[in-house]
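Heads up, the thing below is written out as structure tokens.
The values are calculated or read from the model by the stated rules, or taken from the named source; none is laboratory data. Since this is a predicted model, take the numbers as computed values, not measurements. Every residue, glycine among them, receives a Cβ derived from its backbone with ideal geometry; neighbour counts consider all protein chains shown.
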Amino acid sequence: MPGIEKPISEGVPHAEFALALRALRTQARMTYARMAEATSYSQATLSQAANGRTLPTWPVTRAYVEACNGDTAEWEIRWTELDRAANPPFDFGKALASWALDYQRHPDPSDVKTTAEFMEALRKLRAHAGLSLREIERISMRSYPSRKPGVTMALPSSTLSDILNRAVLPSWDFTRTFVTICYGHRRGLRGSEADWMAAWNRLDAYPQWIQVPRPAAPPAEPPPTDAAPTETKRRRWWQMRARR
């Protein structure tokens with residue numbers, strides 16, 4: 001007779017499948033020891049296949065069913081349905097629609113209220129423009145010597161990475177160059193240089209300072225007492241007394 005297993009608690013994701021495996025083993029009057037001898041899997045692996053917490057792999061399921069003289073074709077259909085439900089295939093159309101919706105929601109500088117949101121908007125603008133840090137560096141290096149309108153400084157990739165990963169408001173020269181390059185590379189982006197300037201001026205006028213309280217000053221120590229005058233007076237008193 002097969003051993004008695006622990007009951008499967010409610011809410012286990014694959015409880016029905018596990019109970020069916022246990023019923024098959026009970027009907028076949030098999031123990032996990034005998035099943036391990038008939039297959040290439042251990043007793044622990046076969047026991048875990050029927051615990052219901054996870055869906056066993058198909059090779060383990062097939063070995064379990066074959067050891068209990070079950071119909072492997074029927075069990076393969078049942079296992080495939082559960083596997084597809086647990087691991088749905090990649091839906092390229094849905095992913096493309098989600099990307100298109102996100103693209104339409106590219107950052108609008110007029111919505112930012114804090115420096116952190118401003119920097120996040122700059123990072124999103126670069127993502128929507130489809131530019132890498134190296135590409136922005138090359139464009140700024142080409143445009144900087146010619147003094148093209150709107151491009152005022154060169155942007156090395158190391159400087160870009162450092163500034164974009166901080167929550168500190170960059171200079172307007174940096175912001176203007178960065179925004180101009182992104183808009184020049186990708187047409188149709190929401191906002192304009194004037195919108196970014198308005199947002200930058202708003203944040204620059206009201207910086208997000210963090211007030212750190214100064215540590216309290218240590219209590220003043222009392223001035224050291226000078227024992228010399230007192231000692232001198234005492235010595236003189238004894239000298240005058242000795243003379244008498």
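Points worth noting:
- Any hit, the stretch 174-193, residues being closer than 21 Å to Ala205 by Cα, assigned to a helix (DSSP H, G or I) and modelled with pLDDT under 85: yes
- Summed over the stretch 169-182, the residues that are surrounded by 19 or more Cβ atoms within 10 Å (Cβ to Cβ) and either out of contact with any helix residue (DSSP H, G or I) (no Cβ under 9 Å at 6 or more places or on another chain) or among the hydroxyl-bearing types (Ser, Thr, Tyr) (or both) give a count of 3.
- Filter result for Ser9 (in the same structural domain as Thr54 (by TED's automatic domain parsing), among the polar types (S, T, N, Q) and outside any helix (DSSP H, G or I)): no
- Close pairs (6 angstrom Cβ cut-off, 6 or more residues apart or separate chains): surrounded by 12 or more Cβ atoms within 10 Å (Cβ to Cβ) in the stretch 147-168, modelled with pLDDT under 85 and assigned to a loop (DSSP other than H, G, I, E, B) anywhere: Ala154/Tyr144
- Screening Arg166 against (1) in contact with a Gly (Cβ under 9 Å, 6 or more places away or on another chain); (2) modelled with pLDDT of 65 or more; (3) not aromatic (Phe, Trp, Tyr) leaves a single unmet condition, (1).
- Number of residues in the stretch 124-153 that are modelled with pLDDT under 80, small (Gly, Ala, Ser) and part of a loop (DSSP other than H, G, I, E, B) equals 2.
- Selection within the stretch 23-46 - assigned to a helix (DSSP H, G or I) and surrounded by 17 or more Cβ atoms within 10 Å (Cβ to Cβ): Leu24, Arg25, Tyr32, Met35, Ala36, Thr45, Leu46
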